[in-house]
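Worksheet for the structure shown next.
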Amino acid sequence: MKKIILSALGILLLSCQTGSQSSITPQSTIKIEEGDGKEAIIEKAAHVVPTENQLDALRNEFIAFIHFGPNTFTRKEWGDGMEDPAVFDLKTLDADQWCRTMKAAGMKKVILTAKHHDGFVLWQSRYTGHGVMSSGFRNGKGDVLKDLSESCRKYGLKLGFYLSPADLYQIEHPEGLYGNLSKYTKRTIPREVPGRPFENKTTFEFEVDDYNEYFLNQLFEILTEYGEIHEVWFDGAHPKRKGGQKYNYPAWRELIRTLAPKAVIFGREDIRWCGNEAGATRQTEWNVISYADNPDALSQFNDLTDTDLGSREKLYQGKYLHYQQAETDTSIREGWFYRDDTHQKVRSADDVFDIYERSVGGNATLLLNIPPNREGAFSPRDVEVLEEVGKRIRETYGENLLQDAKGPKQVLDGDPDTYLLLGKNKREIVITLRAPATINRLMLQEAIATHSERVEQHAVDAWLDNQWKEIATATNIGYKRILRFPEVTTNKIRIRVLESRLDPAISHVSAHYYPTRPPQLAFSRDKEGMVAIAPLQAEFNWNPHGENASGNLNTGYEIFYTLNGSEPTRNSYQYKNPIKVENNVLKAVSFNNGVQGAIHSEAFGIVKKEWKLLKASSQLNDRMAATQAFDANRRTYWQSEDGAAPHFIAIDLGKEQELKAMVYTPQTFHPEGMMARGIIQVSADGKNWKTVETFEFGNLINNPTPRSHRFANPVTTRYVRVEATGIAENGRSVTISELDFL
């Protein structure tokens with residue numbers, strides 16, 4: 001009863017404070033009625049707030065993904081569902097090491113791929129034999145999810161799980177349940193299994209078919225036997241379909257809401273995908289967004305990839321206003337599953353910390369994947385990066401340089417439940433420090449639990465040379481905004497709200513300092529083989545498939561490099577001008593004021609100067625010519641004509657070369673034409689071809705990064721032909737930004 005009274009009082013106060021003519025109850029979904037004008041829509045948007053579970057999920061901020069399974073041993077991104085469970089050749093498992101590392105990184109929750117698209121399960125399920133129970137792991141008695149749940153309790157981490165709706169085992173197996181055209185009938189969940197009773201006696205009755213029953217039974221197992229669950233992750237990716245299979249999501253949701261009342265659901269109404277897997281972030285990430293239909297009744301996954309999801313113009317176009325936060329999901333390694341420690345790139349601490357500041361500091365959650373190796377542990381390089389990132393987060397944001405400053409108490413007291421409501425006449429906050437301090441980060445938060453996200457434009461000024469000087473600007477704030485700017489030394493800060501939806505409520509302001517680091521580096525090589533080394537430019541704007549930003553605002557650095565595989569130091573070659581690199585691994589590092597930056601490494605193959613086009617199956621037009629597949633320019637690409645199969649390209653390398661690997665770089669301008677499978681052929685005369693390799697690349701559309709295929713045995717040839725035998729999403733043409741051979 002007390003909670004109801006307080007809630008009603010809060011709503012009454014909110015109505016008075018916003019000055020609205022009608023009382024609008026803050027809630028996570030508000031319908032736009034016929035006749036609502038633009039002002040009414042914006043007023044409603046200013047009352048859309050997160051649920052208690054959503055707010056709790058936002059406050060986790062930095063969470064972990066763990067992709068683990070047969071792909072760890074087959075080195076594939078996506079399995080085919082027909083793997084022998086014996087390939088999961090796990091001898092040891094150290095979930096405690098996982099949790100210690102995640103805790104050191106500052107993470108608060110972990111999500112395990114309990115079942116990926118291949119259908120292999122990592123727990124002792126009653127309803128399938130395709131999983132750990134049929135592997136040699138602990139003689140078939142092992143349970144990865146159980147080990148992780150116990151370690152989470154030990155280290156104080158929340159637990160979530162990924163359960164793939166797509167299931168290639170159930171699709172491909174002769175007796176598989178997916179798309180078997182079974183009838184919908186009333187069924188009891190969970191289905192009883194002799195000798196395996198449930199301690200939880202809750203039961204449900206649903207009208208479902210065989211596959212939905214199977215899926216619900218597995219949900220029930222995980223939700224009742226592994227402790228409290230805080231997130232259920234549904235992936236919208238789908239490598240293959242069969243039989244017109246439909247998902248009975250309302251039944252799934254009822255089960256989850258009943259058995260895991262504190263859990264948020266990813267891919268549906270609670271949390272949405274950020275739109276890319278590269279760690280890119282939008283300049284403006286609104287969590288109050290519009291829907292044409294009721295988001296609580298959608299029958300499909302919510303993959304929202306537009307640059308703009310929540311501007312005023314977008315809100316005017318909707319029928320429902322809904323709170324739905326974004327998770328920025330990306331991997332610490334190249335790819336989601338562990339492959340090896342030699343060729344698989346690992347993000348630097350600079351890179352991960354930058355993504356952390358852009359995502360968590362951009363009104364989203366960072367979901368970072370850390371794939372365990374084949375010994376069941378995080379590899380040392382991953383651990384080193386994560387521990388360093390945690391150290392930087394603590395050192396930067398653990399000290400608030402406004403701790404003893406003078407200003408509105410509500411924004412300086414560190415209490416998320418207090419806030420300063422800024423009226424129309426004075427939408428600014430002035431904070432005076434007791435002594436001048438050097439800062440280059442400012443953290444702002446709105447009181448989203450009661451007042452939604454309202455700030456649309458804001459600026460920050462510092463008092464310098466006896467006058468205000470603008471040092472940073474941005475758009476929205478929402479749950480959290482981290483502003484990054486060149487360091488200034490000042491004793492006074494002013495925050496100005498320039499545009500807002502009703503009166504904004506600011507709950508937190510803090511200032512921080514992050515020591516300027518040398519920039520991250522990027523390489524670019526031309527057809528002559530000349531490589532330029534330059535800082536990786538900060539990308540604060542939305543770039544669905546771009547590389548990650550450095551986040552460093554500095555000058556005065558020096559760059560050193562090696563070509564012999566050794567780690568570069570200040571005693572290595574100093575970079576001044578582009579350098580010739582062929583069939584070598586180039587490693588480079590920057591230094592600034594004695595501080596060493598992250599080492600950037602890349603293997604460069606055969607120089608393309610003498611390459612010629614022998615033949616291509618077709619080309620869409622001159623702007624997408626076949627020669628652009630090897631012009632050393634990732635901003636151009638070859639596209640074949642629709643349906644002109646087989647799609648292939650044949651290249652004269654100019655002279656005989658020993659080939660050890662092929663690198664395929666997809667174009668990133670649109671999702672069509674990704675080369676998912678293919679064959680590599682060689683020829684002695686450029687006319688008669690022999691197949692020497694087959695390749696397969698998974699998850700290209702969502703993660704269109706360069707993909708490498710290493711040959712089983714080196715091949716010496718002058719003529720090489722690449723033919724696509726499979727295009728992602730059953731595409732009708734093939735696209736290639738670059739082909740390289742190592």
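Quick notes
- Any hit, the range 516-539, residues being over 30 Å from Leu402 (Cβ atoms) and at pLDDT below 90: yes
- Residue within the range 443-454 that is assigned to a strand (DSSP E or B) and not hydrophobic (A, V, I, L, M, F, W, C) present: yes
- Elements of type helices (runs of 4 or more DSSP H) in the range 121-232, at least 2 residues being surrounded by fewer than 22 Cβ atoms within 10 Å (Cβ to Cβ) and touching a residue at least 60 places away in the same chain (Cβ under 8 Å): 144-155, 210-225
- Strands (runs of 3 or more DSSP E) fully within the range 688-742 counting 3 or more residues that are within 22 Å of Lys655 (Cβ to Cβ), hydrophobic (A, V, I, L, M, F, W, C) and not assigned by TED's automatic domain parsing to the domain that holds Asp526: 707-727
- Just one of the listed residues (Ile448, Ile393, Ile429) is closer than 30 Å to Gln344 by Cβ and touching a helix residue (DSSP H, G or I) at 6+ places or on another chain (Cβ under 8 Å), and it is Ile393.
- If you filter the range 299-358 down to residues that are under 16 Å from the mean Cα position of the chain (by Cα), charged (D, E, K, R) and outside any helix (DSSP H, G or I), you find that the one that is modelled with the lowest pLDDT is Asp303.
- Residue within the range 272-285 that is under 30 Å from Phe88 (Cβ atoms), crowded, with 22+ Cβ neighbours inside 10 Å and of a type in the set (Lys, Arg) present: no
- So Gly643, is it over 30 Å from the mean Cα position of the chain (by Cα), at positive phi, surrounded by fewer than 16 Cβ atoms within 10 Å (Cβ to Cβ) and in a strand (DSSP E or B): no
- Among the numbered conditions (1) of a type in the set (D, E, K, R); (2) at negative phi; (3) modelled with pLDDT under 95, the only one that Arg721 does not meet is (3).
- For Arg427, the criteria (1) touching a residue at least 40 places away in the same chain (Cβ under 8 Å); (2) under 17 Å from Glu487 (Cα atoms); (3) basic (Lys, Arg); (4) surrounded by fewer than 20 Cβ atoms within 10 Å (Cβ to Cβ) hold in every case but one, which is (2).
- The lone exception for Ala661 - which of (1) in a strand (DSSP E or B); (2) within 20 Å of Lys615 (Cβ to Cβ); (3) not acidic (Asp, Glu) it fails: (2)
- Going through (1) part of a loop (DSSP other than H, G, I, E, B); (2) under 29 Å from Thr668 (Cβ atoms) one by one, Ile289 falls short only on (1).
The values are calculated or read from the model by the stated rules, or taken from the named source; none is laboratory data. As the structure is a computational prediction, the values presented were derived from the model and not from experiment. Here the Cβ is made from the backbone with ideal geometry for all residues, glycine too, and neighbour counts use every protein chain on show.
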